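Trainee: Have a look at this one.
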Amino acid sequence: MNVIDSIQLSVDEIAVAEYENDITPPKFTVSLLYEECSSKELFETDYEHKIIMTVEHNGLAFSKVLFPCTDMIYGYSDLKDIMKYLYNRTM
């Protein structure tokens, strides 16, 4: 099992616990995003990767970067908090 699968398992468990009573429950997906590097001289390759979470609900889809998250000062946010933030954006 890779890192993406491990995070997805945790996200699935949280989604069942938090949104099982919704008439149309949201679908959360953890995936890998490849982007072209903005600073190619810092990286050996032309692409860098990010782990993102996407929510699909009510005909809308929103994503948020989970890792790396360079704007966090005191560490990473809780997965449940990120899921709640994304879910609320679909309302």
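Trainee: Working only within the stretch 1-35, note down all residues that are within 11 Å of Lys80 (Cα to Cα) and open to solvent by 80 Å² or more (accessible area, probe 1.4 Å).
Mentor: Matches in the stretch 1-35: Glu13, Glu18.
Trainee: Please work out if Ser77 is over 8 Å from the mean Cα position of the chain (by Cα), more than 12 Å from Ala15 (Cβ to Cβ) and hydroxyl-bearing (Ser, Thr, Tyr).
Mentor: It is true that Ser77 is over 8 Å from the mean Cα position of the chain (by Cα), more than 12 Å from Ala15 (Cβ to Cβ) and hydroxyl-bearing (Ser, Thr, Tyr).
Trainee: Same structure again: For the stretch 38-91: of the residues being of a type in the set (Lys, Arg) and part of a strand (DSSP E or B), which is modelled with the highest pLDDT?
Mentor: Across the stretch 38-91, the extreme among qualifying residues is Lys64.
The values are calculated or read from the model by the stated rules, or taken from the named source; none is laboratory data. Fair warning: this is a prediction, and the values are worked out from it, not measured in the lab. Backbone-built Cβ (ideal geometry, glycine too); neighbour counts: all protein chains shown. Accessible surface areas use protein heavy atoms only, side chains included; no ligands, DNA or RNA. Shrake-Rupley method; radii C 1.70, N 1.55, O 1.52, S 1.80 Å.
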